[in-house]
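These notes concern the structure reproduced below.
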Amino acid sequence: MSSIAPTSTYFDFRQALTAKKMTGLWRMMSDYRLAYAAANLSLAVSALAKMFTYLLLRNFADTILGDAVPFAGTLERTLIVIALGFVGLAIVEGGFTYFSGRLAAYSAEGITRRLRNFLFDHIQRLSFAYHSKTPTGDLIERVTSDVDSVRSFFNEQAIGIGRIVFLFVINFAAIWQLNWKLALASIVVIPIILIVSLWFFKKVTKAYEKYQEQEALLSTTLQENLTGVRVVKAFARQEYEKAKFEKDNWEKFLRGKAFLRMHSLFWPLSDIACGFQMLGGFIYAAILAIHGEITVGTYPAYVGLVVWLIWPMRNLGRIIVQTSTGLVSYGRLMEIVKQEREPLTEGRVQAQGPARGEIVFENVSFQYEDSSANVIKDVSFRVLPGQSVALLGSTGSGKTSLVNLLPRFHEYTDGHILLDGAELKDYPRQYLRSQIGIVEQEPFLFSRSIGENITYGVGRDVPQEEIEAAAQAAAIHEVILTFPDGYKTLVGEKGVTLSGGQRQRMAIARTLLKNPRILILDDSTSSVDTETEAEIRAALNRLMENRTTFIIAHRIQSVMNADLILVMDKGAVVQMGRHEELVAQDGMYRQIYEIQTRIDTELEDELAKVG
Ligand code: DCP
Ligand code: MG
């Protein structure tokens, strides 16, 4: 089978994007069409063997009951030949059916493996905007359940068509050869079956679409509940969540029932039609036999053959109806495939080597795709290479949105951002992201080892000493040594769970290794105790050396030493300058400063009293 097997597992499924769903499925079969041809050919051989079995049966009956001349001389020898013929034909028929089944299964698995690989890669290349508006549960549902129903299409329906055509043609020809009137009388039901099937096809398509939608909703509910399990528990909302899930699940049950009802209605109807067809054929054949228009042996042969003429007719309906699920899933998958990927390497400025890190904002405004107002309003400032900018402001004032413009996670809508004198939009995203290191507020760690998490994204083999040096600089080395397997300890479900502060320090170590020219620290010290905060700040100061840094913080202490402080309010920069300048001004900065110093001194007084 390996001669037919394509070795490459990559196929660009964007080639299968088309308005005609059947054409799309056909394109997906690329590289596997030969295998399908072979599978269909084997089915033809096996159908031929079946036909010969019945012709042999006719000969057998005519020899025993009628007056046909034994073809192998004596009756005994003829019977032995016939018996051997039956065995041989059964082997051929079974063998080729098996072979075609294997080919179909192998091809279906191959196509869907490629499809899953493609989707995985494609999804991770889509934009932030796409991901923030698409529920994870829905994506998971499509990559699993819909891929699976496409797989059954390739495994069952794609091959069924060939079998149906072959069986029909062969058996029809065979009956025609027995008696042409009988042949025509045996297919009167075809138009009825076609009409009924197409009607059901439409119904089932709708029902299955609704079912898949609901299933996606259910997995979204489940996924969100699992991700947000802390919130659910903290607010004691288990009962509410349970009721919500039960409601969604009940709806899925109803839709599943409606879908299955369509199927279960179709079967009896098509069976009844086929039953009448068969009965009518039998009676007509009997009449013909009585009138001597066909031989006695022709009758059992017809009986055998007509079953296999009806079978493809009956299955044609089945395939039409079942193909609907494959087509629905094809459509749902193509909704992902047709999404534009975020271009990573395109850009007019093909910069080589590290950036200097001079950043200028000129009247920059920014609006999220789906929102109506600007989130960043007319912001202008300038940072020299190696300087640090601090962003301070109430929550929702646009601090994170502003720094997210730098790696081009989102595109600014107005104004200019210049990096080393060139427009940011002209740099390839990949270059920018390699030059910018981000320490997020809640860094995400993968379920891999501590070491792998620290070296994630560095893009080269990092020697152990270097990893440890980074961990030491990030004040996390000692903590890692207390874990059972040190740097090899797994993070997450099968390993250790890290605290918020520990995760931040892991992210700092990771960023140190990446050694970017531009650094973004988002709220990096807000969720830890004062002692750890001091450690992290020391680690951060090491990290900030010689890099252009954007630091978002809520505490004055974290921003005091910055070269430039931006005070933000509702998307606009309301104050800008160094700490001394801003404290001297009457404004938001001084208010925050005064409140925070008062709290700090009160706290110290309290502590002194207790001490
Ligand atoms: N916003 C949005 N779409 C997003 C992210 C944010 O519409 N994908 C909105 C929510 C806020 C505004 O943009 O109204 C600014 O959000 P930021 O996350 O930029 O705000 P901050 O980072 O300043 O807030 P915080 O201090 O809470 O982190
Ligand atoms: Mg923020």
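The values are calculated or read from the model by the stated rules, or taken from the named source; none is laboratory data. Values in this document were obtained by computation on a predicted structure and should not be read as measured data. Note: ideal-geometry Cβ built from the backbone for every residue, glycine included; neighbour counts use all protein chains shown. The accessibility values were calculated without ligands, DNA or RNA, using every heavy atom of the protein model including side chains. Shrake-Rupley method; radii C 1.70, N 1.55, O 1.52, S 1.80 Å.
Run Gln387 past the list (1) open to solvent by 20 Å² or more (accessible area, probe 1.4 Å); (2) within 14 Å of ligand 1 (Cβ to nearest atom) and report the number of the one that doesn't hold.
Checking Gln387 against (1) open to solvent by 20 Å² or more (accessible area, probe 1.4 Å); (2) within 14 Å of ligand 1 (Cβ to nearest atom), the one that fails is (2).
Name the residues in the stretch 73-126 that are under 25 Å from Val150 (Cβ atoms) and among the small types (Gly, Ala, Ser), would you?
Answer for the stretch 73-126, where residues must be under 25 Å from Val150 (Cβ atoms) and among the small types (Gly, Ala, Ser): Ser100, Gly101, Ala104, Ala105, Ser107, Ala108, Gly110.
Within the stretch 344-389, track down each residue that is under 19 Å from Ile552 (Cβ atoms), outside any loop (DSSP other than H, G, I, E, B) and more than 16 Å from ligand 2 (Cβ to nearest atom).
Ile359, Phe361, Val364, Lys377, Ser380, Phe381, Arg382, Val383, Ser388
Considering (1) away from ligand 1 (no atom under 16 Å from the Cβ); (2) farther than 25 Å from Leu603 by Cα; (3) open to solvent by 30 Å² or more (accessible area, probe 1.4 Å), say which one Thr549 fails and leave the rest.
Against the list (1) away from ligand 1 (no atom under 16 Å from the Cβ); (2) farther than 25 Å from Leu603 by Cα; (3) open to solvent by 30 Å² or more (accessible area, probe 1.4 Å), Thr549 comes up short only on (3).
Name the residues in the stretch 552-571 that are open to solvent by 20 Å² or more (accessible area, probe 1.4 Å), outside any loop (DSSP other than H, G, I, E, B) and away from ligand 2 (no atom under 16 Å from the Cβ), would you?
Hits for the stretch 552-571 are Gln557, Leu564.
Scan the stretch 276-302 for residues that are assigned to a helix (DSSP H, G or I), more than 24 Å from Leu48 (Cα to Cα) and open to solvent by 20 Å² or more (accessible area, probe 1.4 Å) and jot them down.
Across the stretch 276-302, the qualifying residues are Phe276, Leu279, Gly280, Ile283, Tyr284, Ala286, Ile287, Ala289, Ile290.
When you go through (1) touching a Gly at 6+ places or on another chain (Cβ under 6 Å); (2) surrounded by fewer than 17 Cβ atoms within 10 Å (Cβ to Cβ); (3) among the small types (Gly, Ala, Ser) one by one for Ala61, which number turns out not to apply?
The one condition Ala61 does not meet is (2).
If we only count helices (runs of 4 or more DSSP H) wholly inside the stretch 119-205, which ones have 2 or more residues that are aromatic (Phe, Trp, Tyr), out of contact with any helix residue (DSSP H, G or I) (no Cβ under 8 Å at 6 or more places or on another chain) and under 30 Å from Ala273 (Cβ atoms)?
In the stretch 119-205, there are no helices (runs of 4 or more DSSP H) which contain 2 or more residues that are aromatic (Phe, Trp, Tyr), out of contact with any helix residue (DSSP H, G or I) (no Cβ under 8 Å at 6 or more places or on another chain) and under 30 Å from Ala273 (Cβ atoms).
Quick test for you: out of Ser186, Ser197, Ser219, pick the one residue that is among the hydroxyl-bearing types (Ser, Thr, Tyr), at pLDDT 90 or above and closer than 16 Å to Leu305 by Cβ.
Ser186
Here is a check on your reading of the model: is Leu305 touching a Phe, Trp or Tyr at 6+ places or on another chain (Cβ under 8 Å), open to solvent by less than 30 Å² (accessible area, probe 1.4 Å), within 16 Å of ligand 2 (Cβ to nearest atom) and not in a loop (DSSP other than H, G, I, E, B)?
No, not satisfied.
If I ask for residues that are buried (at least 20 other Cβ atoms within 10 Å of the Cβ) and more than 9 Å from ligand 2 (Cβ to nearest atom), which ones from the stretch 392-404 would you list?
Leu392, Gly393, Leu402, listed by residue number.
Could we say that Gly326 is of a type in the set (Gly, Ala, Ser) and either at pLDDT below 90 or outside any helix (DSSP H, G or I) (or both) here?
no
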